[in-house]
1. Among the listed residues Ser321, Ser316, identify the single one that is farther than 30 Å from Thr152 by Cβ and either of a type in the set (A, V, I, L, M) or part of a helix (DSSP H, G or I) (or both).
2. What number of residues within the range 139-148 satisfy the criterion of being among the hydrophobic types (A, V, I, L, M, F, W, C) and either outside the structural domain of Gly206 (by TED's automatic domain parsing) or buried (at least 20 other Cβ atoms within 10 Å of the Cβ) (or both)?
3. Could you say which residue among Val75, Val46, Val42 is in the same structural domain as Gly141 (by TED's automatic domain parsing), without any contact (Cβ under 8 Å) to a residue 24 or more places away in the chain and under 13 Å from Gly141 (Cα atoms)?
4. Can you spot a residue in the range 28-35 that is farther than 30 Å from Ala92 by Cα and surrounded by 13 or more Cβ atoms within 10 Å (Cβ to Cβ)?
5. Going by the structure shown, is Gln302 at pLDDT 80 or above, part of a helix (DSSP H, G or I) and surrounded by 12 or more Cβ atoms within 10 Å (Cβ to Cβ)?
Amino acid sequence: MKTQMTDPKRYLLRMVIILLVTFGILALLYQPLASAFMGNAVLNGVIIATALIGVAFIFRQTLRLVPEARWLNTVKSTHTLSRSAPRPVLLATVHAMLSASHEEQHLSALSLRSVLDGVAARLDEGREISRYFIGLLVFLGLLGTFWGLLQTIGSVSAVVGGLDMTSLDFDQLMSQLREGLDAPLSGMATAFSSSLFGLGASLVLGFLDLQLGQAMGRFFNEVEDWLSAFARFGDSAGTGTGNQALAQGLSEEGARAMISLSRAIEQAESGRASHHSQLAQLNSQLAVMNENMAREARLTDQLAQLTTRLEMLQQSLETQSKQQHASISAELKALSSAMVKLATKK
């Protein structure tokens, strides 16, 4: 077959476009994003560095397909294996199969299946790391969220416990409250900023991984189509009597049908497992969201209790002040009456 392989660089172009769009959005939102980044510069820096490493790895995995496609196009056009050309990495099993087929002039369907399984295993091996980077970004975002919420809850408890309710200086109490609320606000900044950067980076990296998966899937499908045609051509070129060739063709067709059925069953099972995994992830995310909402509700209750205590403290201070003024006024009146009596006696 003379059909050329699809150039993997077209998927690189899509990746570059989505990165340019992402950088454009980041440029438009630079000021708020910079403020959010300073909520916890260390953790957010780790998230951004992880995202950049993941982007570089996905681009590398996509670029690895370019020489493989070029090598296969050369084999298709020349129908020969060049001894001087560098051997492919992802298509190493295809290279070994073609070398053996040139010697034996025969390729069975079972050997074709094993060759394709080797290619698929090499392609999936690279994608596992990119998927890990996506999960790592989500984990870092949730880690920052929990870390910030723990800081907030602990700081609010410290503020409430550190208030001196016996002090009569209202200005001092308000100053202590203002100083104590800086730590809870810092914890909330850590929680929300890490979630923002972690989930946003995982979204971009997930789209790039999707393009990588499409490039690898297209590459594998084209390799499979070409090798399947090559296997049928090799089977028809075998030596032997007509009855032997017919019997061999029937066995090959039966093997192909069984392999197709097995692949369909495997795909159905993998799809079912993927759906179960997605449902499990969704349930875990919902549980995390419920827990976060419960913690926020507890924090709101604590803040309401703090406000109530401050109002009670203010009322107490006002009552004590009025009592002190009344007592001083009564004493002054008594002193004045005593002085008037003394002056009258004299």
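1. Working: Ser316 fails: farther than 30 Å from Thr152 by Cβ.
Step by step, each of Ser321, Ser316 is checked, and only Ser321 is farther than 30 Å from Thr152 by Cβ and either of a type in the set (A, V, I, L, M) or part of a helix (DSSP H, G or I) (or both).
2. To start, the set of residues in the range 139-148 that are among the hydrophobic types (A, V, I, L, M, F, W, C) comprises 139-140, 142-143, 146-147.
So of that shortlist, the ones also either outside the structural domain of Gly206 (by TED's automatic domain parsing) or buried (at least 20 other Cβ atoms within 10 Å of the Cβ) (or both) come out as 140.
Total meeting the criteria: 1.
3. On the way: Val75 fails: under 13 Å from Gly141 (Cα atoms); Val46 fails: without any contact (Cβ under 8 Å) to a residue 24 or more places away in the chain.
After ruling out the rest, the residue left standing is Val42.
4. Step one: filter the range 28-35 for residues farther than 30 Å from Ala92 by Cα, giving 28-35.
From the residues that got through so far, the ones that are surrounded by 13 or more Cβ atoms within 10 Å (Cβ to Cβ) too are 33.
Yes, the range 28-35 contains a residue that is farther than 30 Å from Ala92 by Cα and surrounded by 13 or more Cβ atoms within 10 Å (Cβ to Cβ).
5. On the way: at pLDDT 80 or above: yes; part of a helix (DSSP H, G or I): yes; surrounded by 12 or more Cβ atoms within 10 Å (Cβ to Cβ): yes.
Considered against the rule, which asks whether it is at pLDDT 80 or above, part of a helix (DSSP H, G or I) and surrounded by 12 or more Cβ atoms within 10 Å (Cβ to Cβ), Gln302 comes out as yes.
The values are calculated or read from the model by the stated rules, or taken from the named source; none is laboratory data. Predicted model only: the values in this text are computed from it and were never measured. With ideal geometry, Cβ positions are generated from the backbone for all residues, glycine too; neighbour counts draw on all protein chains shown.
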